[in-house]
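The values are calculated or read from the model by the stated rules, or taken from the named source; none is laboratory data. Here the structure is a predicted model, which is why all the values come from computation and not from measurement. Note: ideal-geometry Cβ built from the backbone for every residue, glycine included; neighbour counts use all protein chains shown.
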Amino acid sequence: MQYCQYYQATIKKQDCSFFVAVLRSFEHLSFDRTFDKKENIFEFFIPDYNEKIFLEIINHFITLGIIMDFKKLENRLLDPSAAI
């Protein structure tokens, strides 16, 4: 079984709705959800074949200053004790 690439990003609070709307306009690009609502941290599960376009979009948001922190992490679902 192959797992998706996993990323987390901190989004400026005032831009969260805009960010989500734009990202979700790209159908089947990613599965995204809020990881930590208080800190505005989103998590993204990206199929390998969508990673390039996803990163292009994210880099644009970084350039606009909408994303304050962005990192690729080990897919947390690989840990059997991870909360879902």
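Can you find even one residue in the range 30-52 that is among the small types (Gly, Ala, Ser) and more than 12 Å from the chain's Cα centre (by Cα)?
Narrowing the range 30-52 to residues among the small types (Gly, Ala, Ser): 30.
In the following step, the residues that additionally are more than 12 Å from the chain's Cα centre (by Cα) were identified as none.
For the range 30-52, residues among the small types (Gly, Ala, Ser) and more than 12 Å from the chain's Cα centre (by Cα): absent.
Just give me the residues in the range 44-65 being more than 18 Å from residue 4 (Cα to Cα) and either in contact with a strand residue (DSSP E or B) (Cβ under 6 Å, 6 or more places away or on another chain) or without any contact (Cβ under 8 Å) to a residue 40 or more places away in the chain (or both), in sequence order. Outline the logic, then answer.
Kept after step one, since they are more than 18 Å from residue 4 (Cα to Cα), are these residues of the range 44-65: 59-65.
Passing the criteria: 59, 60, 61, 62, 63, 64.
Enumerate the pairs (first residue in the range 22-37 and hydroxyl-bearing (Ser, Thr, Tyr); second residue anywhere and surrounded by 14 or more Cβ atoms within 10 Å (Cβ to Cβ) and at pLDDT 95 or above) with beta-carbon separation below 6 Å, excluding pairs fewer than 6 apart on the same chain, so at least 6 apart or on different chains.
Going by the 6 Å Cβ cut-off, the qualifying pairs are 30/44; 30/46; 30/54; 34/42.
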